[in-house]
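Below: one structure, written as structure tokens.
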Amino acid sequence: MMSTIFENTQKRTKVPFRYDIVGSFLRPQRLKDAREDLANGKITSEELTKVEDEEIKKLVAKQKEVGLKAVTDGEFRRSYWHLDFFWGFEGVEHVIMEHGYFFHGEETRADSARLSGKVRFNGHPFLAHYRFLKEIAGDDVVARQTIPAPAQFYAELVREENAKEIAKYYSDQEELFADIGKAYREAILAFYELGCRNIQLDDCTWGMLCDKNFWSVMAGEGYDVEQIKKLYLDLNNSAIENLPSDLIVTTHVCRGNYHSTWATSGGYEPVAKTLFGKENVSAYYLEYDTERAGDFTPLKEVADDKLVVLGLVSSKIGNLESRKQIISRLKEATSYIPQDHICLSPQCGFASTEEGNILTEEEQWEKIRFIKEIAEEVWG
């Protein structure tokens with residue numbers, strides 16, 4: 001029998017798994033070419049969908065081949081991890097801003113989401129996407145749906161010139177919050193009806209709040225951080241209240257992941273009590289691949305019934321980390337959270353936008369194999 005680092009640890013048979021993923025994968029060149037051909041009028045949207053279907057089938061097969069127990073469609077049908085989902089709601093339009101988000105060394109594309117009416121769920125393109133994923137994934141793995149968190153949606157709606165549009169449709173902020181929560185909850189239940197039992201909320205807002213300098217630029221001086229934390233918490237919790245008991249909802253806290261660059265830094269201390277103690281999710285996927293994320297001390301605030309997936313392996317670079325150092329950090333984390341409540345993953349997806357991070361597809365899969373090997377060594 002294989003010896004393990006952590007003794008007497010129960011085998012994980014549900015989300016999150018001991019070795020896990022965040023969601024997005026590098027887009028194959030064939031898919032990138034097809035999207036460009038559509039933009040240039042060389043192919044139809046139906047022809048693009050055929051390419052997407054074929055590439056997603058290959059991706060799911062590869063995820064199963066490397067031993068993953070939860071699979072995604074790699075976000076292959078999206079341009080962005082968040083905006084494509086927002087655009088699928090009624091009352092939301094696709095707009096181009098004067099500039100994108102500024103990461104360290106790069107500027108993102110300038111697309112955004114702005115209100116064009118009241119926010120409503122009236123079906124959603126992602127439902128057909130999930131139906132396809134569920135059919136090809138089979139019953140031996142979890143078909144995971146990743147969506148941006150409600151708090152992230154609100155953060156986009158109040159961004160710069162977007163904010164002035166809100167008053168055209170909402171005289172009361174509380175009505176907007178209620179509509180966001182209702183639209184999200186109806187979307188989540190629609191995924192559930194298709195057989196989805198794992199929803200992941202991707203959320204950069206908490207990472208922003210951890211970085212005082214970044215957030216002061218976004219929100220301006222004099223912002224009330226406690227009020228913002230409560231707002232984000234209420235938005236997220238209202239969307240996931242009273243869901244079916246067999247639907248597992250988790251949160252991934254992102255700090256920016258664009259073309260191997262990053263947006264925010266700072267430890268989790270400013271948000272730990274609110275996020276880890278009060279958000280009604282089952283687990284947190286946390287970026288911990290560099291010192292920018294701080295130490296593990298804030299994990300002591302994680303509620304007793306929740307798990308933490310430590311993103312100790314970077315999806316931004318192709319080089320493998322030190323196996324010894326990863327194992328050491330896993331052991332270090334047990335000073336703040338029980339060993340049975342810890343799992344391992346990359347710090348983020350490999351392609352939060354269609355540009356993707358700067359590594360090869362083979363390096364991407366080697367990262368996944370590396371995580372799996374470490375998890376098997378640590379937990380058996």
Does S322 count as at pLDDT 95 or above, within 29 Å of E354 (Cα to Cα) and in contact with a strand residue (DSSP E or B) (Cβ under 6 Å, 6 or more places away or on another chain)? no
Any chance you could count how many residues in region 347-363 are touching a residue at least 12 places away in the same chain (Cβ under 8 Å) and surrounded by fewer than 21 Cβ atoms within 10 Å (Cβ to Cβ)? 7
Any pair with Cβ under 6 angstrom, 6 or more apart, that starts in region 12-41 at a residue that is closer than 19 Å to D84 by Cα and ends at one that is polar (S, T, N, Q) and assigned to a loop (DSSP other than H, G, I, E, B): G23/T72; S24/S352
Checking D111 against (1) in contact with a strand residue (DSSP E or B) (Cβ under 7 Å, 6 or more places away or on another chain); (2) charged (D, E, K, R); (3) in contact (Cβ under 8 Å) with a residue 40 or more places away in the chain, only one condition comes out false. Which one? (3)
Quick check on my filter: what residues within region 41-100 are under 30 Å from V158 (Cβ atoms) and of a type in the set (K, R)? R77, R78
With the checklist (1) surrounded by fewer than 17 Cβ atoms within 10 Å (Cβ to Cβ); (2) more than 24 Å from S260 (Cα to Cα); (3) charged (D, E, K, R) in hand, flag the one item D295 doesn't pass. (2)
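Which one is farthest from K300 (Cα to Cα) among residues in region 261-277 that are crowded, with 21+ Cβ neighbours inside 10 Å and hydroxyl-bearing (S, T, Y)?
Here is the first cut: in region 261-277, the ones crowded, with 21+ Cβ neighbours inside 10 Å are 262, 264, 268, 271, 275-276.
From the residues that got through so far, the ones that are hydroxyl-bearing (S, T, Y) too are 264, 268.
Details: T264: 22, Y268: 11 Å.
Restricting to residues being crowded, with 21+ Cβ neighbours inside 10 Å and hydroxyl-bearing (S, T, Y), the top hit is T264.
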Is it true that L209 is farther than 22 Å from F126 by Cα and either in contact with a strand residue (DSSP E or B) (Cβ under 7 Å, 6 or more places away or on another chain) or buried (at least 17 other Cβ atoms within 10 Å of the Cβ) (or both)? yes
Being open to solvent by 10 Å² or more (accessible area, probe 1.4 Å) and of a type in the set (A, V, I, L, M) is the filter here, so list the residues in region 298-309 that pass it. V302, A303, L307
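Residues that are open to solvent by less than 20 Å² (accessible area, probe 1.4 Å), within 22 Å of W87 (Cα to Cα) and among the basic types (K, R): does region 182-189 have at least one?
Step one: of region 182-189, the residues open to solvent by less than 20 Å² (accessible area, probe 1.4 Å) are 183-184, 187-188.
Now restrict to residues that are within 22 Å of W87 (Cα to Cα): 183-184, 187-188.
Within this subset, residues satisfying the condition of being among the basic types (K, R) are none.
No - not one qualifying residue is present in region 182-189.
In region 135-155, how many are part of a helix (DSSP H, G or I) and surrounded by fewer than 18 Cβ atoms within 10 Å (Cβ to Cβ)? First the steps, then the outcome.
Initially, region 135-155 is screened for residues part of a helix (DSSP H, G or I), giving 135-137, 150-155.
Then drop every residue that is not surrounded by fewer than 18 Cβ atoms within 10 Å (Cβ to Cβ), which leaves 135-136.
Result for region 135-155: 2.
Within region 226-257, restricting attention to residues that are among the hydroxyl-bearing types (S, T, Y) and assigned to a strand (DSSP E or B), which residue is farthest from F296 (Cα to Cα)? Before the answer, list the steps.
First pass over region 226-257, keeping only residues among the hydroxyl-bearing types (S, T, Y): 232, 238, 245, 250-251.
Cutting the leftovers down to assigned to a strand (DSSP E or B) gives us 250-251.
Working: T250: 19, T251: 17 Å.
Only one residue fits best here, namely T250.
Do you know which residues across region 243-268 are modelled with pLDDT of 95 or more and out of contact with any Gly (no Cβ under 7 Å at 6 or more places or on another chain)? First the steps, then the outcome.
To start, the set of residues in region 243-268 that are modelled with pLDDT of 95 or more comprises 243-253, 268.
L243, P244, S245, D246, L247, I248, V249, T250, T251, H252 - these are the residues of region 243-268 that are modelled with pLDDT of 95 or more and out of contact with any Gly (no Cβ under 7 Å at 6 or more places or on another chain).
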Select from region 258-286 the residues that are under 16 Å from A149 (Cα atoms) and in a loop (DSSP other than H, G, I, E, B) and list them in ascending order. E279, N280, V281, S282
Out of L344, L247, sole residue that is surrounded by fewer than 22 Cβ atoms within 10 Å (Cβ to Cβ) and hydrophobic (A, V, I, L, M, F, W, C): L247
Matching entry among A143, A128 (being in contact with a Phe, Trp or Tyr (Cβ under 8 Å, 6 or more places away or on another chain) and modelled with pLDDT of 95 or more): A143
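For residues that are of a type outside the set (D, E, K, R) and either closer than 20 Å to D203 by Cβ or exposed (fewer than 15 other Cβ atoms within 10 Å of the Cβ) (or both), tally how many sit in region 156-171. First the steps, then the outcome.
Of region 156-171, the ones of a type outside the set (D, E, K, R) are 157-158, 162-163, 166-167, 169-171.
Among the residues that remain, those that are also either closer than 20 Å to D203 by Cβ or exposed (fewer than 15 other Cβ atoms within 10 Å of the Cβ) (or both) are: 157-158, 162-163, 167, 171.
Total meeting the criteria: 6.
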Which pairs turn up if I take residues in region 282-297 that are under 13 Å from V308 (Cβ atoms) and look for partners that are hydrophobic (A, V, I, L, M, F, W, C) and assigned to a helix (DSSP H, G or I) with beta carbon separation below 7 Å, at least 6 apart in sequence or on another chain? Y284/F276; E287/A293; F296/A333
Looking only at residues in region 316-329 that are in contact with a helix residue (DSSP H, G or I) (Cβ under 7 Å, 6 or more places away or on another chain) and closer than 24 Å to F103 by Cα, which one is surrounded by the most Cβ atoms within 10 Å (Cβ to Cβ)? G318
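The values are calculated or read from the model by the stated rules, or taken from the named source; none is laboratory data. If you're wondering where the values come from, they're calculated on a predicted model, not measured in any experiment. Here the Cβ is made from the backbone with ideal geometry for all residues, glycine too, and neighbour counts use every protein chain on show. Note: accessible area is taken over every heavy atom of the protein model, side chains too, but ligands, DNA and RNA are not part of it. Shrake-Rupley method; radii C 1.70, N 1.55, O 1.52, S 1.80 Å.
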